[in-house]
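Below: one structure, written as structure tokens.
The values are calculated or read from the model by the stated rules, or taken from the named source; none is laboratory data. If you're wondering where the values come from, they're calculated on a predicted model, not measured in any experiment. As a convention, Cβ positions derive from the backbone with ideal geometry for all residues, glycine included, and neighbour counts pool all protein chains shown.
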Amino acid sequence: MIIIIIIIIIIDLFLTVWPDWPQIFSGETITLRCSFPKPSVTHWTFYWYRESTRLHRSDDNLYILKHIKVDQSSKYYCYISNKQSQRESYWSNAVTLTVTERPKASLTLVPTGQMFSGENVTLRCDIQGHTGTEWRYSWYKDGDSNRPVHSSDVKREYSFSVVEFDSGKYTCRGERRSDSQRSEISDAVILIVSGESLPRATLTVDPRWSPVFTGESVTLKCEIQSHSNWRYQWYKGSSGTAVSQSQINTFTIRSAADQDQDQFWCRGERNYRPSSSQYSNRVNLSVEAHYFKPVLTVWPDWPQIFSGETITLRCSFPKPSVTHWTFYWYRESTRLHHSDDNLYILKHIKVDQSSKYYCYISDKQSQRGSYWSNAVTLTVTGTCLIFTPVTCPRPKASLTLVPTGQMFSGEKVTLKCDIKGHTGTEWRYSWYKDGDSNHPVHSSDVKREYSFSVVEFDSGKYTCRGERRSDSQRSEISDAVILIVSGECINPLFIQLVITFSSISLNSE
């Protein structure tokens, strides 16, 4: 008995496509590859089919479709046959190629016509027959399609503020996200930018001072230097969207509130070229509570004031301009003076002017109110009685010379400086010679006595003065004392005799 064994060998034959795009644009080059596990392809013949139509035969397992067309959309197969054995031949799986016309980008320029420097232009790129989210977009200038002037992964609109240099021919193209296939490049649009700038807008605010009070009326005014028929747009804060639009160039906040405190700016628009102005400068609007308290200060700010001093009272408050206010000055409940100046000067102040002082301000231009300051207390001291009508002098220094009379060279002298009615520890002391009160011959932070051994050169007129430690106020300078030093020295022999006589006297005792 003869047994015939038939072995059926099944070969998995795979047909693949490169690039493996789900959708193929016309004009692309597509490669079909017929893969199978045999180590050598030299024994095989490859047949290529579109549906049931044989397209090609070769010894190569690749079949290239160059510049593929829409009508080549179909199912494709490969079929292989062994050259050495007619018994071996196999069909591959089918692959489907879907070919569509390559979409062309379309570029739109908004607005059209000649542009002014500073205007905003938008270049919008659309891919015909496709949604915007499928694509990445690139824009090109003057035919250079290798270097985009701008690219976006999301937006199909490219907006920018133009200058004269931006004039030129612009195109765009899309690149599909899913497979990086590109659309055809768009036709060119021409952008012409004039060297002339957009009209300038200027924003002012009335009232000019800052801050304004809650409840006050504030008017913003937008002025554009040229052209007419403007519509005015008003912007606030960080928003790029206008909060208001009007045919008139003023925007009024009738009753300012906390929420109105922000930054404002404006711009003009119209129906003719130029269709917009430049954005204006920005102004900051500060709003404060209706009530505020002026601050009254004293200069110099000494804790104790000597009679005869000049004292300046300053009434300070947040408004930058004092021209709208009247200032009233009071000692206790008595009005002393009123003026447009926020300074009040007390010259040669007297002891009986010691008191509490206030300032009171009133706005000339509005009924917003009037305000009292804090009180400051002035304490004036002097050597005369309180409430006397005369001006009381500041403390006067007194200088004493010890010993008095003519001195001999080599003798020791002491100049003692006292401030009448004050303790010595309150003061620093300085001594002067021959009327030169700018260059002391000696100064001391502690001692009120100045002692030194004299020579004939020390002869002269001496004075002294004190400077109070607490506030650096000075006493009046003392009357002068005269120091006379003889050129004659004390006789050394006489001194020796005195010493000898003293010794003998002590021994005899």
Got a sec? Which strands (runs of 3 or more DSSP E) wholly within the range 255-306 have at least 3 residues that are under 30 Å from Gly118 (Cβ atoms) and modelled with pLDDT of 90 or more? 262-269, 283-285
What number of residues within the range 154-181 satisfy the criterion of being assigned to a strand (DSSP E or B), closer than 20 Å to Val121 by Cβ and among the basic types (Lys, Arg)? 2
Which one is modelled with the lowest pLDDT among residues in the range 385-441 that are surrounded by fewer than 17 Cβ atoms within 10 Å (Cβ to Cβ) and small (Gly, Ala, Ser)? Gly424
Determine the pairs where a residue that is within 29 Å of Ser226 (Cα to Cα), located within the range 246-259, has a partner that is of a type in the set (A, V, I, L, M, F, W, C) with Cβ atoms under 7 Å apart, the partner being 6 or more residues away or on another chain. Asn249/Cys222; Thr250/Leu220; Phe251/Leu220; Phe251/Trp234; Ile253/Val218
If Thr96 satisfies all but one of (1) farther than 30 Å from Tyr47 by Cα; (2) assigned by TED's automatic domain parsing to the domain that holds Leu55; (3) not aromatic (Phe, Trp, Tyr), what's the number of the condition it fails? (1)
Restricting to the range 189-227, name every residue that is among the hydrophobic types (A, V, I, L, M, F, W, C), under 30 Å from Phe160 (Cβ atoms) and surrounded by 15 or more Cβ atoms within 10 Å (Cβ to Cβ). Val189, Leu191, Val193, Leu198, Ala201, Leu203, Leu220, Cys222, Ile224
Picking from Thr96, Thr122, Thr100, which residue would you name as being surrounded by fewer than 18 Cβ atoms within 10 Å (Cβ to Cβ), of a type in the set (S, T, N, Q) and farther than 23 Å from Ser178 by Cβ? Thr122
Which members of the range 225-241 meet the condition of being within 17 Å of Leu285 (Cα to Cα) and outside any strand (DSSP E or B)? Gly237, Ser238, Ser239
Unmet criterion (only one of (1) exposed (fewer than 12 other Cβ atoms within 10 Å of the Cβ); (2) in the same structural domain as Ser183 (by TED's automatic domain parsing)) for Gln114: (1)
For residues in the range 265-300 being in contact (Cβ under 8 Å) with a residue 24 or more places away in the chain and under 30 Å from Trp427 (Cα atoms), which is surrounded by the most Cβ atoms within 10 Å (Cβ to Cβ)? Leu296
